[in-house]
Amino acid sequence: MSFFESCQRLIESGTSFVTVTLVSARGSVPQETGAKIIVTSEGLYSGTIGGGRVELAAIKKAQETLEQNSQTPPVLITWNLQKDIGMSCGGECSFLFEHFHQNHWPIVIFGAGHVSQALTRILKTLDCHITCVDSREEWIARLDGVKSICHPTPKNLVSSFDPNSFFLCLTMGHAYDLEILQEIAKHAPNAPFVGAIGSEVKGIRIKRELKELGVSEAFIEKIRTPMGLPIGSNQPNEIAISITAQLLQVRDKLPDLT
């Protein structure tokens, strides 16, 4: 992957990272200016700025930045390779450290119909990571700028998602929502948000059927159905706004996401 492809992959996954760029050099140095590395909390992700002690020092500094768990401004650091790093080289390097802090807010939407189309357009403007799953290729193709998956049996993908995701069921109908909710109950019983679109009557029915399937009462009670705040009309755009408002309401009560 290229440098930018690597950055994009980390952004899409909600992983915070630091880029380190060699912006100037004097004397004997192990790399040319412009060299870059990407560092995550686990260490070097990609690239090289020459290896050896100077790269280890840059990785350590980048990881210290990531430990702050909040956005920090870019910083320019100059090291004398012999005095500061302990290398035999007599050169001097300046490195730009840039921190890309990601709020890890994964949202998984099952169903790519009219409301999902409107909802993803709004959610794209927020600091979240959206995945939309549907079995209908023609609806998936209409999505733009979000991760989308076309799969014949969406319920089979539930276990592949972060159990701390916000799960939304906006499928073609009751039967699809039911089987997906059943899988979410198994895989992510403590998910911070589980919702299903529909009327109050549908909500009563779906909760009753989940109970008959042996799903725990605690999980059933947490399902938000009807989903969204009681505002607006039944137009897709207004439903999408009401759902977004509810998602924000729940998110703001979670300390790790604010």
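The values are calculated or read from the model by the stated rules, or taken from the named source; none is laboratory data. Since we're looking at a predicted model, the values are computed, not measured. We place every Cβ from the backbone using ideal geometry, glycine too, and count neighbours over all the protein chains shown.
Here region 52-75 is the region considered, the condition is being within 26 Å of the chain's Cα centre (by Cα) and acidic (Asp, Glu), and the residue that is nearest to Leu96 (Cα to Cα) is Glu64. Going by the conditions given, is Arg136 of a type in the set (Lys, Arg) and either over 22 Å from Thr244 (Cα atoms) or buried (at least 19 other Cβ atoms within 10 Å of the Cβ) (or both)? Yes. Checking each residue in region 41-73 for being in contact with a Leu (Cβ under 8 Å, 6 or more places away or on another chain) and either among the hydrophobic types (A, V, I, L, M, F, W, C) or modelled with pLDDT of 95 or more (or both) picks out Tyr45, Ile49, Val54, Ile59. Applying a threshold of 8 Å to beta carbon distances and a minimum spacing of six or more residues, or different chains, the list of pairs starting in region 195-222 at a residue that is more than 18 Å from Ile109 (Cα to Cα) and ending at one that is among the basic types (Lys, Arg) and crowded, with 17+ Cβ neighbours inside 10 Å reads Ile220/Lys207.
Note on region 1-40: among residues that are of a type outside the set (Val, Ile, Thr) and in contact with a Lys or Arg (Cβ under 8 Å, 6 or more places away or on another chain), the one that is farthest from Val108 (Cα to Cα) is Leu22.
Yes or no, residue by residue, for (1) hydroxyl-bearing (Ser, Thr, Tyr); (2) modelled with pLDDT under 95; (3) touching a Cys at 6+ places or on another chain (Cβ under 8 Å):
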| position | (1), (2), (3) |
| --- | --- |
| Thr171 | yes, yes, no |
| His174 | no, yes, no |
| Asp177 | no, yes, yes |
| Ala185 | no, no, no |
| Ala188 | no, no, no |
| Phe193 | no, no, no |
| Lys202 | no, yes, no |
| Pro230 | no, yes, no |
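Count of region 34-51 residues, restricted to those that are among the small types (Gly, Ala, Ser) and within 18 Å of the chain's Cα centre (by Cα), is 1. Whether any residue in region 207-227 is assigned to a helix (DSSP H, G or I), surrounded by 15 or more Cβ atoms within 10 Å (Cβ to Cβ) and under 23 Å from the mean Cα position of the chain (by Cα) is what I want to check. Checking region 207-227: at least one residue is assigned to a helix (DSSP H, G or I), surrounded by 15 or more Cβ atoms within 10 Å (Cβ to Cβ) and under 23 Å from the mean Cα position of the chain (by Cα).
Residue check: Ala118 meets all listed conditions (1) surrounded by 20 or more Cβ atoms within 10 Å (Cβ to Cβ); (2) within 30 Å of Asn237 (Cβ to Cβ) but one, namely (1). The set of residues in region 137-178 being under 12 Å from Gly111 (Cα atoms) and among the aromatic types (Phe, Trp, Tyr) consists of Trp139, Phe167, Tyr176. Checked against the criteria, Ile37 does not count as at negative phi, touching a strand residue (DSSP E or B) at 6+ places or on another chain (Cβ under 8 Å) and touching a residue at least 40 places away in the same chain (Cβ under 8 Å).
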